[in-house]
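Worksheet: one structure, shown below.
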Amino acid sequence: MFGSNKTKVKASSGHFDTLISSKTSLQGDVSFSGGLHIDGRIEGSVRAEEGSDAVLRISEVGEVEGDVHAPRIVINGTVHGNVYATEHLELASKAAINGNVYYNLIEMAMGAAVNGSLLHRKGNQEVPKPQARLTGHYDQGAEQTSADADQSDEEVPPAERI
């Protein structure tokens, strides 16, 4: 009963297979399993291997410009993108997230900031996909009326065509 809980705590508190140092900047998506500790900067999404028991930790000097997906995530740095934690999410006092946060369980310290929505979801529940918005319609194939034909030589701003 207590053994499985101790393993999870041990995995989330100390063992990291990969370290991205504060002097490192990566461009591109990162896929990992096990533990990943980020002190540097990543421009791209960070994703744990599907079905893994992975842990992602972003230190106070770490930064990710992209979405973050992992079962267990600890953030004390900055994420410019959405965060998806299927098991547990910890936001430490210097965490700054500019995006939506999808979580199962969450801990949030005083001082942590989320500029987006906090959305609870259980386990591996599907994340709703954003719906496309139609902001206007301009039919280039429409026939012109005789009144329209009189004005066709004039330059009409795009906003007035709609």
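Just so it is clear, none of the values below were taken in a lab; they were calculated from the coordinates. Bear in mind that the values here come from a model prediction, so they are computed numbers and not experimental data. Every residue, glycine as well, gets a Cβ built from its backbone with ideal geometry; the counts of neighbours run over all protein chains shown.
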Check: in contact (Cβ under 8 Å) with a residue 24 or more places away in the chain, in a loop (DSSP other than H, G, I, E, B) and within 16 Å of R47 (Cα to Cα), is that true of G116?
Finding: no
Item checked: Per-region count, region 98-110, residues touching a Lys or Arg at 6+ places or on another chain (Cβ under 8 Å) and farther than 17 Å from H80 by Cα -> 1
Item checked: Flag if A70 is surrounded by fewer than 16 Cβ atoms within 10 Å (Cβ to Cβ) and hydrophobic (A, V, I, L, M, F, W, C) -> no
Next item on the list: Among residues belonging to region 60-69 that are of a type outside the set (D, E) and within 17 Å of the chain's Cα centre (by Cα), point out the one that is farthest from M108 (Cα to Cα).
Entry: G66
Notebook entry, point to check: Of R41, R57, R47, R72, which residue is of a type in the set (K, R) and under 12 Å from the mean Cα position of the chain (by Cα)?
Noted result: R47
